[in-house]
1. Look at residue 84 and say whether it is over 17 Å from residue 17 (Cα atoms), hydrophobic (A, V, I, L, M, F, W, C) and out of contact with any Pro (no Cβ under 7 Å at 6 or more places or on another chain).
2. Report whether or not residue 47 is touching a helix residue (DSSP H, G or I) at 6+ places or on another chain (Cβ under 6 Å) and either under 30 Å from residue 81 (Cβ atoms) or crowded, with 17+ Cβ neighbours inside 10 Å (or both).
3. Return yes or no: is residue 57 exposed (fewer than 12 other Cβ atoms within 10 Å of the Cβ) and either at pLDDT below 90 or not acidic (Asp, Glu) (or both)?
4. Scan segment 27-44 and give yes if some residue there is within 8 Å of the chain's Cα centre (by Cα) and of a type in the set (S, T, N, Q), otherwise no.
5. Please verify whether segment 50-73 includes one or more residues that are within 23 Å of residue 12 (Cβ to Cβ) and among the basic types (Lys, Arg).
6. List the helices (runs of 4 or more DSSP H) that sit entirely inside the chain and contain at least 1 residues that are basic (Lys, Arg) and out of contact with any Gly (no Cβ under 7 Å at 6 or more places or on another chain).
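The values are calculated or read from the model by the stated rules, or taken from the named source; none is laboratory data. Given the structure is predicted, the values throughout are model-derived calculations rather than measurements. Don't worry about glycine lacking a Cβ; one is built from the backbone with ideal geometry, like all the others, and counts go over all protein chains shown.
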Amino acid sequence: MAPGGGYVPVIAPPTDSQATVALVLGILSLLPCCWVVGPVAIFIGNAARRRIELAGGAIGGGGLATAGMVMGIIGTVFLVLFVLYAIAVAIGVANALRPTG
């Protein structure tokens, strides 16, 4: 207990800025126009998690980095599915335009 009968406040470690960036990019990767940033969110989130682990508790934000990575993975899956769909449509259009003879 602190002098005067109160408790000493606990100060949380500062949040890693790249963990916040990974979270923001992960959220953006869920939007259809921004699926391209999904892999970037995965990369930055993984780097932030590694840095937070190596800091030994001096830096916080591991949950933010993990959430950014997970949303980046989901956004990347959407990106891959969209690319496969676009390829299938392109093949279908090419087959439809091919003269039959």
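1. yes
2. Answer is no for this residue.
3. Answer is yes for this residue.
4. For segment 27-44, residues within 8 Å of the chain's Cα centre (by Cα) and of a type in the set (S, T, N, Q): present.
5. Yes, segment 50-73 contains a residue that is within 23 Å of residue 12 (Cβ to Cβ) and among the basic types (Lys, Arg).
6. Once the helices (runs of 4 or more DSSP H) in the chain are filtered for at least 1 residues that are basic (Lys, Arg) and out of contact with any Gly (no Cβ under 7 Å at 6 or more places or on another chain), what remains is 38-55.
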